[in-house]
Amino acid sequence: MGPGPPAGGGAGPRALPLRARLSYAVGHFLNDLCAAMWFTYLLLYLHSVRAYSSRAAGLLLLLGQVADGLCTPLVGFEADRAAGCARCGPRKAWHLVGTGCVLLSFPFIFSPCLGCGPGTPEWAALLYYGPFIVVFQFGWAATQIAHLSLIPALVTNDHEKVELTALRYAFTVVANIAVYGAAWLLLRLQAPSPAEPARGVGDQLGVQDVPVFRNLSLLVVGVGAVFSLLFHLGTREGRRRPAEPEEHSPLLSPARRLLLWRHWLREPAFYQVGMLYMSTRLIVNLSQTYIAMYLTYSLHLPKKFIATIPLVMYLSGFVSSFLMKPINKCIGRNLTYFAGLLVVLAFAAWVALADGLGVTVYVAAVLLGAGCATVLVTSLAMTADLIGPHSHSAAFVYGAMSFTDKVANGLAVMAIQSLHPCPSELCCGACVGFYRWVMVAVTGGVGVAATLALSSLLVWPIRLRSWASPEDQA
């Protein structure tokens, strides 16, 4: 289903200027900076630096993912209904609210628990971090949904949607590169404690690394705030009426009836794309979550590798993102996604068959980064294809998609953490094989599920098969 002309007639849509495209693309930069720290370093920080148990660390991540998942459809529904305020359209207004929540809460998550001492029970620390995580995830969800739902509102051409999505992902990659580069620099500049040379633990994570993560979180919110300001200054979204207008208006022909949130729930394509998007996010987020644990406990690499390997992954993804538009034009959405999936599955097979990667870990990181970038950009473009000209309910669609992926991510992490083979807070010898097979499962296993979801789109292509009847809209 291709996008049609704007309702009400008029001239065709103009191409979005380069300045407007770039200002839009940086609007998710703060979220991307925070997400890089959240998914890559939260479990490692709580488990290896703060010495909390694996289940406690998984519970906090689950809390955040569930809070995010519950907020996304609600924010999407309200963003579609709102009329905007002052100089902001409805989506920019929600973006501003979300940005404020992220800036105020995120630094506390990667800082020591205030008032907690050596004898403080673990449950007290969980209660301390819980509210900050909930506020952060609400803000993150509001910013994400508001930003994603602007794509079909700003452009209508299929290839422009891909370009805008690719630019957005390019800045996502830049954000991740910035986080991992800053983490590498902070770890290098960290002054070793007097006991470290004697014990030979200078390359191992521990409580001495608390300032590294605290300073990194402060750097993230500082830089992210600047880019959020650039987004609000350079992106124009006109104020509009709420998304539930006079639905019997004579301006709306039967072929152009508004699709409201309840109508999307009857569309098979809504669930097809939702399953593909959820599988994609599971691959990307879970591989990002466990790559640091895999490097630390399975490959026994020094702690600098928790910055350099993710950096290589996202440099690979950065290069791949610029190839998305020509590849999509050449072979289409489905084959582009399938090509990215094959690269991810090649990474999974490599990890499963190789006992130790050695220096080839960099090559494996290139494969994983390129594959994840390809499937993520293409799945977002497919979601924009699903929405088509129905941008008035885009926020709900993106919110519903995000709900499934956030809850699935949280439950998957909690399940993995519950299977952790070591009874104490510290990892034992069983961690070596455990995190290796976790990486295989979250890339290869979920990759097979994504292949099945893609197969359904090959049989039943993306298009809306039913339209709302006048009785339904009454």
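The values are calculated or read from the model by the stated rules, or taken from the named source; none is laboratory data. Keep in mind that this is a model prediction, so the values were computed, not measured. Glycine also receives a Cβ, built like all others from the backbone with ideal geometry; neighbour counts cover every protein chain displayed. The area values use the complete protein model at the heavy-atom level, side chains included, leaving out ligands, DNA and RNA. Shrake-Rupley method; radii C 1.70, N 1.55, O 1.52, S 1.80 Å.
Here the gap between Ser456 and Asn334, fully extended at 0.36 nm per residue and compared with their Cα-Cα distance, gives a gain of 42.9 nm. Here Ile327 sits with roughly 60 square angstrom of accessible surface, probe radius 1.4 Å.
In region 318-418, the portion of solvent-accessible area held by carbon and sulfur atoms comes to 78 percent [1.4 Å probe, whole percent, DNA, RNA and ligands not counted]. In this simple spin-label approximation, Leu189 and Ala449 carry label points 7 Å from Cα along the Cα→Cβ vector, and these lie 4.1 nm apart. When a/c is below 1.5 the answer is rounded, else prolate if a/b is larger than b/c, else oblate, so apply that to region 357-446 with a ≥ b ≥ c taken from the square roots of the Cα gyration tensor eigenvalues. Because a/c hits 1.5 or more and a/b fails to exceed b/c, region 357-446 counts as oblate.
Multiplying the sequence separation of Ala349 and Leu233 by 0.36 nm and subtracting their Cα-Cα distance, what value in nm do you get?
Details: separation 116, 0.36 × 116 = 41.76 nm, distance 4.61 nm.
Full-extension gain reported as 37.1 nm.
Partners of Lys406 within straight-line reach, counting lysines whose Cα lies under 24 Å from its Cα and excluding those fewer than 8 residues away in the same chain: Lys92, Lys161.
How much net charge surrounds Val102 when only the other residues with a Cβ under 13 Å from the Cβ of Val102 are counted, with Lys and Arg +1 and Asp and Glu -1? Mind showing how you got there, number by number?
Numbers: positive: none; negative: Asp32, Asp68.
With Lys, Arg at +1 and Asp, Glu at -1, the net is -2.
Compute the length gained on full extension between Ala51 and Thr360: take 0.36 nm times their separation in residues and subtract their Cα-Cα distance, giving the result in nm to one decimal.
On the way: separation 309, 0.36 × 309 = 111.24 nm, distance 3.07 nm.
Fully extending the segment from Ala51 to Thr360 adds 108.2 nm.
Seen from Thr336, the other residues with C-beta closer than 12 Å to its C-beta sum to a net charge of +3, counting Lys and Arg as +1 and Asp and Glu as -1. For the pair region 117-191 / region 377-403, the C-alpha centres are spaced 19 Å from each other.
Net charge near Ala449: determine it from the other residues with C-beta under 13 Å of the C-beta of Ala449, scoring Lys and Arg +1 and Asp and Glu -1. Spell out each step's value before the answer.
On the way: positive: Arg281; negative: Asp405.
Around Ala449, the charge tally is 0.
At an R0 of 51 angstrom, the distance between the Cβ atoms of Leu323 and Gln204 translates into a FRET efficiency of 0.85.
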